[in-house]
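Visitor: I am attaching a structure below and will ask some questions about it afterwards.
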Amino acid sequence: MLNQVSFVIVQALVSLKRNIWLTIASILTVMTALILLGGSVFFLANTSNLATSFESQIEIAVFINDNQNREQVIDLRNQIQVMAGVDTVELTAKEDAIIEFQESMGSSSLLEDLGGINPFPDKITVKATDARLVEGIANQIAEINGVDKVRYGQGILEKLIQFTDWLRWIGIAVVAAFAFASFLLITLNIKTNVNSRENEIQIMRLVGASNGLIKWPFFIEGLLLGFIGGIISIGIVGIGYNWLLQYIITTLAFLPVVADQMFMISVFALMLIGGMIMGVLASVFAVRKFLK
Amino acid sequence: MISIKNVSKIYSNGARALSNINLEISKSEFVFLVGPSGAGKSTLIKLMYREEEATRGQVFIDTINLSRLNPKQVPLLRRRTGVIFQDFKLLPTKTVFENVAFAQQVIGKSKQEIKVNTLNILELVGLSRKKDSFPSELSGGEQQRVCVARALVNKPQILLADEPTGNLDIDNAWGIMELLDKINREGTTVVMATHAMHIVEKMAKRVVKVEEGRITDHKLGEAY
């Protein structure tokens, strides 16, 4: 048993070494495919992040009728707070609103100038958990007694959601296309590699090698090709993405970027494991064809 | 040793290769299969190491019915049967030593055992000095000797040879025949398909003539 295990491992390593050009071609293919895959995942994450960042800026402004006293206003705020889909609620009392306005105008006597009448209503600023819920929440709030007006950027909101949906779909389409391309590149390359060794497989069968013993070296070769290609591609994508992050942070600071370490590690793990799985499956399926 | 009973073989494309063949080969016999190209000699050899299965009839090696062999048992049969071909079938990326060692590695022999057996068999076929050469560095005759060494290293009871001298000049062909004769005298059953009638005549062994998938003539141990 031990003899056969060491035979299988040595067999795989020797074969990778003696078919060195095929090995290099396969590693480069796996590497290119995984760079496309990893790069597209980062692209998706950033487009999705950009979309979420746009959407998070949408607020509902709820203006309260002047005839509501303080307790009623707080009660209104509490009612809105517990509504489904509401994320945060912030009350700006009319007294604070005029002070804010005064400050922004650079004046200290606005209230006196207006004859002591505060024209600002109490205002509740509502943020939804999802931009798609904004319209429904706004309509619900408008129905509540004591609410005067509700504003949420009607007309613009729909266009914004259309745009962010489109942004997300592009990200998903890019990942799907590149994942498919990587799968094809890796499996076709390894299949071609195995097919070119049909003679070797036939000879192994001829001298009485069991199917398992024929398959295992190819299994290990596929795993190693996936692993080496994966490591190189992670290096390239990692360095490339970090460079891009630095560039964006220093020159286009207003653009939100995904720089979460855990997320990056997950993508790298996906690339490595994906490459190894594709390498192994392609090898084993290609060899199986020759084992009757 | 080898028993072929009422065997017919029709390939999946409809081509009929063998029709109702009956053949008994005893232990330690040397049998030539002769006949024109496409007569069915190679198919008959392939049935004996279960590369092909009979469409009808049965093939036995000792008491093993090859038609009833499940795929997992086929490698075990192949370890008892050495096979050599006209086109050698050596692994181009392995040295002479590694090609011969390979047949033992796949059945799990120890490193020490493999080394001793391989060096002994290379001595027998006269290739000790070329053990580190790659097949592309050898002549046709030398390559065929490596194949004989590989086929024999696990001490099979049967050696099947499909046109083993087909790619060799006369001197090299005789070298291989002397080797096969020696192996046969030591007790291995040899079945060899060939076109080379000068070899068949001179060796004076049992001859089975195959034509259009049928056995048409049969001579025992005399000049044909």
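The values are calculated or read from the model by the stated rules, or taken from the named source; none is laboratory data. Model, not experiment: these values are computed from the prediction. Here the Cβ is made from the backbone with ideal geometry for all residues, glycine too, and neighbour counts use every protein chain on show. SASA here: full protein model, heavy atoms, side chains in, ligands and nucleic acids out. Shrake-Rupley method; radii C 1.70, N 1.55, O 1.52, S 1.80 Å.
Visitor: I'm trying to understand the selection: among the residues of segment A:236-260, which are aliphatic (A, V, I, L, M) and within 17 Å of the chain's Cα centre (by Cα)?
Guide: Across segment A:236-260, the qualifying residues are A:Val237, A:Leu244, A:Leu245, A:Leu255, A:Val257, A:Val258, A:Ala259.
Visitor: Next question. For segment B:50-93, name all the residues that are within 26 Å of B:Gly140 (Cα to Cα), among the polar types (S, T, N, Q) and open to solvent by less than 50 Å² (accessible area, probe 1.4 Å).
Guide: Within segment B:50-93, B:Thr81, B:Thr93 qualify.
Visitor: Applying the selection to segment A:190-206, what residues are more than 14 Å from chain B (Cβ to nearest Cβ) and buried (at least 21 other Cβ atoms within 10 Å of the Cβ)?
Guide: Matches in segment A:190-206: A:Ile190, A:Val194.
Visitor: Then there's this: Condition first: open to solvent by 10 Å² or more (accessible area, probe 1.4 Å), at pLDDT 90 or above and at negative phi. Now tell me which residues in segment B:187-196 satisfy that.
Guide: Matches in segment B:187-196: B:Thr188 only.
Visitor: Considering only residues that are open to solvent by 50 Å² or more (accessible area, probe 1.4 Å) and either at the interface with another protein chain (Cβ under 7 Å from one of its Cβ atoms) or at pLDDT below 85 (or both), which ones fall in segment B:97-106?
Guide: B:Gln105
Visitor: I would also like to ask the following. Of the numbered conditions (1) open to solvent by 40 Å² or more (accessible area, probe 1.4 Å); (2) basic (Lys, Arg); (3) touching a strand residue (DSSP E or B) at 6+ places or on another chain (Cβ under 6 Å), B:Arg206 satisfies every one except a single condition; which is it?
Guide: All conditions pass for B:Arg206, except number (1).
Visitor: Please count how many residues of segment B:107-118 are modelled with pLDDT of 90 or more and surrounded by 15 or more Cβ atoms within 10 Å (Cβ to Cβ).
Guide: 3
Visitor: Condition test on A:Gln4, is it closer than 30 Å to A:Lys127 by Cα and among the polar types (S, T, N, Q)?
Guide: no
Visitor: In segment B:209-224, which residues are surrounded by 14 or more Cβ atoms within 10 Å (Cβ to Cβ) and acidic (Asp, Glu)?
Guide: B:Glu211, B:Glu212
Visitor: So which of A:Ser233, A:Ser210 ends up being out of contact with any His (no Cβ under 7 Å at 6 or more places or on another chain), of a type outside the set (Val, Ile, Thr) and away from chain B (no Cβ under 14 Å)?
Guide: A:Ser233
Visitor: Working carefully through the options B:Lys72, B:Lys46, B:Lys94, B:Lys115, find the one that is facing chain A (nearest Cβ under 9 Å) and part of a helix (DSSP H, G or I).
Guide: On inspection, the qualifying residue turns out to be B:Lys72.
Visitor: Looking at segment A:107-119, I want the residues that are open to solvent by 90 Å² or more (accessible area, probe 1.4 Å) and have a partner that is at pLDDT 70 or above with Cβ atoms under 7 Å, at least 6 apart or on another chain. Which pairs are those?
Guide: A:Ser108/A:Gln102
Visitor: Can you spot a residue in segment B:115-129 that is hydroxyl-bearing (Ser, Thr, Tyr) and more than 29 Å from B:Pro36 (Cβ to Cβ)?
Guide: Within segment B:115-129, one or more residues are hydroxyl-bearing (Ser, Thr, Tyr) and more than 29 Å from B:Pro36 (Cβ to Cβ).
Visitor: Can I ask one more? Within the group B:Thr81, B:Thr118, which residue is in contact with a Leu (Cβ under 7 Å, 6 or more places away or on another chain) and among the polar types (S, T, N, Q)?
Guide: Sole residue among the options that is in contact with a Leu (Cβ under 7 Å, 6 or more places away or on another chain) and among the polar types (S, T, N, Q): B:Thr81.
Visitor: Return the residue satisfying two criteria in turn: it lies in segment B:137-176 and is among the aliphatic types (A, V, I, L, M) and part of a loop (DSSP other than H, G, I, E, B), and of such residues it is surrounded by the fewest Cβ atoms within 10 Å (Cβ to Cβ).
Guide: Looking at residues that are among the aliphatic types (A, V, I, L, M) and part of a loop (DSSP other than H, G, I, E, B), I get B:Leu138.
Visitor: If you don't mind, another one. Considering A:Phe219, A:Phe254, which residue is of a type in the set (Phe, Trp, Tyr), in contact (Cβ under 8 Å) with a residue 12 or more places away in the chain, open to solvent by 40 Å² or more (accessible area, probe 1.4 Å) and away from chain B (no Cβ under 14 Å)?
Guide: Testing whether each residue is of a type in the set (Phe, Trp, Tyr), in contact (Cβ under 8 Å) with a residue 12 or more places away in the chain, open to solvent by 40 Å² or more (accessible area, probe 1.4 Å) and away from chain B (no Cβ under 14 Å) leaves just A:Phe219.
Visitor: Restricting to segment A:199-235, and then to whatever is farther than 22 Å from B:Gln73 by Cβ and of a type in the set (Val, Ile, Thr), can you tell me which residue is farthest from the chain's Cα centre (by Cα)?
Guide: Filtering first and then ranking leaves A:Ile220.
Visitor: May I pose another question? With a cut-off of at least 2 residues that are open to solvent by 20 Å² or more (accessible area, probe 1.4 Å) and within 14 Å of another protein chain (Cβ to nearest Cβ), name the helices (runs of 4 or more DSSP H) lying wholly within segment A:1-88.
Guide: Filter on segment A:1-88 gives A:2-18, A:20-56.
Visitor: Let me ask another. Considering only residues that are under 11 Å from B:Phe30 (Cα atoms) and either assigned to a loop (DSSP other than H, G, I, E, B) or modelled with pLDDT under 85 (or both), which ones fall in segment B:198-224?
Guide: B:Ala204, B:Lys205, B:Leu220, B:Gly221 - these are the residues of segment B:198-224 that are under 11 Å from B:Phe30 (Cα atoms) and either assigned to a loop (DSSP other than H, G, I, E, B) or modelled with pLDDT under 85 (or both).
Visitor: Which numbered condition trips up A:Met204, out of (1) under 30 Å from B:Ala161 (Cβ atoms); (2) in contact (Cβ under 8 Å) with a residue 60 or more places away in the chain?
Guide: If we test A:Met204 against (1) under 30 Å from B:Ala161 (Cβ atoms); (2) in contact (Cβ under 8 Å) with a residue 60 or more places away in the chain, just (2) comes out false.
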